[in-house]
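A quick write-up on the structure given underneath.
The values are calculated or read from the model by the stated rules, or taken from the named source; none is laboratory data. Source: prediction; values computed, not measured. A quick note on method: Cβ atoms are made from the backbone with ideal geometry, for glycine too, and the neighbour counts reach across all protein chains shown.
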Amino acid sequence: MKIIHISAECYPIAKVGGLADVVGALPKYQNEIDANSSVIMPFYNNKFTQSHKFASVYEAHLKLGSEELPYNILKIEDASVLEFDIFFVHVDNLLYTEQVYTDNDIDRFLVFQIAALDWILGLEEKPNIIHCHDHHTGLIPFMAQESYKYESLNKIPVITTIHNAQYQGWMAYDNLYKIPRFNIENVGLLLWDDVINPLAAAIKCAWRVTTVSPSYMEELKYSANGLESLLSHENSKAFGILNGIDTDVWNPEVDKYIIKNYKKTTVETGKKENKKWLCSQFNLDESKPLFAFIGRLVGEKGAELLPYAMDHALQSKDISVIVLGSGSKDTERQLFDLIPRHSGNYNAFIGYDEKLSHIIYAGADFLLMPSRVEPCGLNQMYALRYGTVPVVRRIGGLKDTVIDIEDQGFGICHNDVSLQDIVLAINRGKDFYNEKKEFKANRKRIMSIDHSWKVSAKAYLNLYKSIN
């Protein structure tokens with residue numbers, strides 16, 4: 001079975017969020033179980049593209065309304081760089097930017113989607129499945145079904161995966177002329193609330209709609225940033241498939257980033273060395289339970305409550321806390337301002353550092369995720385893999401992957417995004433840490449939980465086969 005994934009992000013080439021991790025791993029694991037899975041994405045001007053050589057495999061012009069633009073499809077010359085084929089749409093002065101997302105994304109991602117479909121149209125061997133990811137590719141299901149130009153593709157099943165329904169790619173109606181010609185009587189398939197809504201169009205036109213966890217699919221029926229009724233209406237073709245993690249990359253036994261590698265049988269000594277390094281670098285007390293937050297400092301993650309929760313929880317001086325993230329400037333400032341106030345027990349790294357994130361997963365005792373919205377969440381799975389206890393709000397994929405210790409589980413869960421709930425959860429974690437025997441046994445238990453892509457990749461292949 002030949003599958004082409006179409007996405008704006010793919011790790012390790014271009015990453016803004018969890019979308020990149022999914023698209024960078026799912027094809028790899030699909031290829032291990034009887035599939036030929038590849039990716040096409042924009043060609044950005046970033047560290048990855050600057051450090052590799054590419055060959056052009058296709059050159060043409062496309063139409064964006066009345067404008068004609070040259071483009072080409074590139075492929076990495078060294079096929080061993082990734083474990084699946086990856087192709088790039090290169091358009092000078094439009095897609096070739098330093099940032100994945102800019103202020104001109106309407107035209108950028110329209111061009112990307114048109115170029116991707118034009119390239120597929122010219123392939124001698126067509127894919128059996130076109131798998132689109134998020135709103136940046138949301139017009140592809142519509143164009144493949146409705147645009148005259150792509151009529152020969154409308155028998156190929158198109159899957160859309162919603163990674164985050166909060167972002168829908170809205171564009172004004174006057175952009176309609178840029179979309180390859182179609183029967184104007186069907187324009188309603190593009191619209192939602194009187195504007196062109198790519199995510200809504202994808203939900204209407206895709207053969208199947210998936211989200212990244214079963215609980216998130218249910219939540220979308222009552223909280224989907226305006227698309228609740230549409231998702232309820234399309235319920236019969238909607239499925240929640242839990243994301244996985246790349247257990248080759250996220251593996252404490254071989255992780256090249258961490259200070260000391262370890263496995264289940266050596267988890268105590270391994271985590272101790274990583275914690276020791278962290279505490280030394282960030283002036284923290286390694287004898288105390290270490291709580292960590294890794295992620296975007298935005299409302300979806302409950303991040304604006306972190307400075308207040310940290311300030312409150314640290315009053316007792318019997319825990320240590322480290323924060324790694326960036327986002328809201330106010331939250332960044334507040335978190336930074338806490339450092340002198342709780343010197344020796346708290347520190348923050350404002351920004352993102354891949355190596356540091358791995359060491360934190362390896363060295364921390366607890367990972368905080370007080371999310372308002374968490375379609376799947378990968379951080380809690382990374383934490384489990386490294387023997388770090390997740391402290392999470394019961395929402396989306398967090399609800400599907402973390403069971404509270406009071407329910408014969410292995411994590412700390414709370415119901416609301418509130419100062420009181422976050423602090424209470426931290427205190428529960430502190431109490432659990434002091435139950436040394438149970439806590440150590442739990443570390444080994446959580447490292448045995450399988451959240452690899454193998455299970456999820458098979459679920460997607462079964463879905464493809466059901467409609468192919």
> Among the residues of the stretch 420-468, how many are in a helix (DSSP H, G or I), out of contact with any Pro (no Cβ under 8 Å at 6 or more places or on another chain) and of a type outside the set (A, V, I, L, M)?
Replying inline: 22
> Within the stretch 218-268, which residues are closer than 30 Å to residue 169 by Cβ and of a type in the set (D, E, K, R)?
Replying inline: 218, 219, 221, 228, 234, 237, 246
> Would you say residue 316 is modelled with pLDDT under 95 and either surrounded by fewer than 16 Cβ atoms within 10 Å (Cβ to Cβ) or over 22 Å from the mean Cα position of the chain (by Cα) (or both)?
Replying inline: yes
> From the list 221, 178, which residue is more than 24 Å from the chain's Cα centre (by Cα) and charged (D, E, K, R)?
Replying inline: 178
> When residues of the stretch 126-137 are filtered for being in a loop (DSSP other than H, G, I, E, B) and farther than 12 Å from residue 153 by Cα, how many remain?
Replying inline: 1
>> Can you say whether residue 134 is among the acidic types (Asp, Glu) and closer than 17 Å to residue 7 by Cβ, as far as the supplied structure shows?
In response: yes
>> For the stretch 397-413, check the following and say yes or no: at least one residue is aromatic (Phe, Trp, Tyr), farther than 14 Å from residue 293 by Cα and surrounded by fewer than 24 Cβ atoms within 10 Å (Cβ to Cβ).
In response: yes
>> When the residues of the stretch 16-37 are narrowed to those that are under 20 Å from residue 138 (Cβ atoms) and outside any helix (DSSP H, G or I), which ends up modelled with the highest pLDDT?
In response: 16
> How about the stretch 140-199: which of its residues are without any contact (Cβ under 8 Å) to a residue 24 or more places away in the chain, of a type in the set (S, T, N, Q) and not in a loop (DSSP other than H, G, I, E, B)?
Replying inline: none
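A quick yes/no check of all residues on (1) more than 13 Å from residue 88 (Cβ to Cβ); (2) among the β-branched types (Val, Ile, Thr); (3) buried (at least 18 other Cβ atoms within 10 Å of the Cβ):
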| site | (1), (2), (3) |
| --- | --- |
| 18 | yes, no, yes |
| 29 | yes, no, yes |
| 32 | yes, no, no |
| 35 | yes, no, yes |
| 39 | no, yes, yes |
| 53 | no, no, no |
| 62 | yes, no, yes |
>> Quick check on residue 244: is it within 19 Å of the chain's Cα centre (by Cα), crowded, with 17+ Cβ neighbours inside 10 Å and modelled with pLDDT under 95?
In response: yes
>> Yes or no: the stretch 378-399 includes at least one residue that is touching a helix residue (DSSP H, G or I) at 6+ places or on another chain (Cβ under 8 Å) and at pLDDT below 95.
In response: yes
> With respect to residue 70, is the statement that it is farther than 20 Å from residue 129 by Cβ and crowded, with 23+ Cβ neighbours inside 10 Å true?
Replying inline: no
>> Out of 406, 374, I need the residue that is in the same structural domain as residue 295 (by TED's automatic domain parsing) and under 15 Å from the mean Cα position of the chain (by Cα). Which one?
In response: 374
> For residue 434, which of the numbered conditions (1) more than 13 Å from residue 384 (Cα to Cα); (2) surrounded by 13 or more Cβ atoms within 10 Å (Cβ to Cβ) fails to hold?
Replying inline: (2)
> Looking at (1) free of Cβ contacts under 8 Å to residues at least 24 places away in the same chain; (2) within 30 Å of residue 377 (Cβ to Cβ), can you tell me which one residue 93 breaks?
Replying inline: (2)
>> Can you tell me which of (1) touching a Leu at 6+ places or on another chain (Cβ under 9 Å); (2) of a type in the set (S, T, N, Q); (3) at pLDDT 95 or above is the one residue 164 doesn't meet?
In response: (3)
